[in-house]
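This report concerns only the one structure given below.
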Amino acid sequence: MKLTNYLRLSVLGLVVLASCGKKGPPTAQKPGKYSSTTGIEYNTEKGMAVANFKKIPEGPGLVFIEGGRTVLGSQEEDVTQTHDNIERTVTIASFYMDEAEVANIHWLEYLHFIRADSAEEFYRSALPDTTVWARDLSFNDPYVTYYLRYPGFRYFPVVGVSWLQADDYCTWRTAKVNERLAAGGESKPGGGKGLFGKKKDKPAGEGAAAGAEGTAGAAGALATGKNSTSIENGNTLPNYRLPTEAEWEYAAQALVGTQEVGNENQEEKRIYPWDGKSTRNAYGKKQGQFLANFKRGRGDYAGIAGSLNDGAMITEYIYSYPPNDYGLYNMAGNVNEWVQDVYRPLSFQDVEDLNPFRRNGVGDPESKYDKKGYQSLIDDHVRVYKGGSWRDVAYWLSPGTRRFMAEDSATATIGFRCAMINAGSNK
């Protein structure tokens, strides 16, 4: 009798274990009906609201960049003798990045909405400086008038934009994309008012709190099907932002294309965002063609008539030239690109080795640099830019090279692209 009872209990235990194993532990996508620590039921009058969540919403224009360990730093001979990007091993978390540079049409869209939604003063502050094309000893006058607004230049990279303007664009883009998601995929005409100083919305806590996970009104909002937006509900995108210098350099290297499956050693290196030591295509029908838009030598921006090689006297279509192994276009040449970091020559010695980033006022203070005495150009308002441009020689196409400029300045050779964290996942 005892043996029979023992067998019954054993079989029952196996059934329970099997059912548990089949169900598996709770996940972000399947948290279950009950709390795994208190046993209290979710989405009830007294329980916490837990929204349905599948994955991060798709961000327009973004491609996924799988993170990992890498060696950052200049792969080129340090011809400038700055020693400001010496090789070091770091780890970069996975993130998203725009597949191409922000173009004129995107900036005109931005101007369209903020002209309707924001203060006139802010609208004027967002206008690119088109005079960056003007040169005393060069006839670039037509670009001053036509480059930003003429339809033929729609998908050329926006230039004449300062770091501060690019940062504001990221803020606006975040609000506009999330507004569209909140409306079920369609933006409401005239929405987003008050973002830059005209008509103010409700404070961020109002409205959103009605459906936020863990708040008193959350269960009711979920039960009634109200379309509430909050971080906790997972129905909004994280912030669009400028990439960190480390993210940008890592994405430009695109060493994922050289990696063998199962091999944890990074045996390949790249001088440029493509294989080989040359700036020309070594394979196929386009053999000999340049792989980026840059200045080939003194006075040579594009080649000769009848056989134009890189084909661009100034900037070029943002989808020109082959993408790198992450699917990113023009991570070398066309325009330099702003990144988040404040410039310091010895950042590699100071920053962390996980997601390194240089921000204002942390270590190596600006007081060490004699800008007032004209012995230095460095302070807390100079930002790094990367990648080389149509007006730069090949040296600056290497992802490890870096330069800096005042955050309120702009040129005809600097644009930008946006990035975003990969929230809630390491893959």
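A short reminder: the numbers here are calculations on the coordinates, not readings from a lab. Computed from a prediction, not measured in an experiment: that's the story for all the values here. Note that each Cβ is placed from the backbone with ideal geometry, even for glycine, and that neighbours are counted across all protein chains shown.
Points to keep in mind about this one:
- Approximate spin-label separation residue 426-residue 372, in nm, with each point projected 7 Å along Cα-to-Cβ: 4.9
- For the set 55/269; 269/295; 55/176; 55/386; 23/54; 277/386, the pairs lying more than 27 angstrom apart at their alpha carbons are 55/269; 55/386.
- With the highest mean first, a sort of the peptides 339-346, 30-37, 176-183 on other beta-carbon atoms found within 10 angstrom per residue produces 339-346, 176-183, 30-37.
- Charged neighbours of residue 327, selected by a Cβ distance under 13 Å, balance to -3 (K, R count +1; D, E count -1).
- Whole-Hz ³J(HN,Hα) from phi, Karplus 6.51 cos²θ - 1.76 cosθ + 1.60, for the stretch 319-336, glycine and proline x: 9, 6, 6, x, x, 7, 6, 9, x, 9, 8, 6, 7, 9, x, 6, 9, 4
- Arranged from fewest to most other beta-carbon atoms within 10 Å of their beta carbon, 86, 414, 421, 92 become 86, 421, 92, 414.
- Hydrodynamic analysis of the stretch 310-393 uses the Kirkwood radius over alpha carbon pairs. Inserted into Stokes-Einstein at 4 °C and 1.567 mPa s, it gives a translational diffusion coefficient of 85 µm²/s.
- Subtracting the Cα-Cα distance of residue 146 and residue 309 from 0.36 nm times their residue separation leaves 56.2 nm of extension gain.
- Annotation: extensible slack from residue 183 through residue 231 equals 15.7 nm (criterion: 0.36 nm per residue apart, minus Cα-Cα distance).
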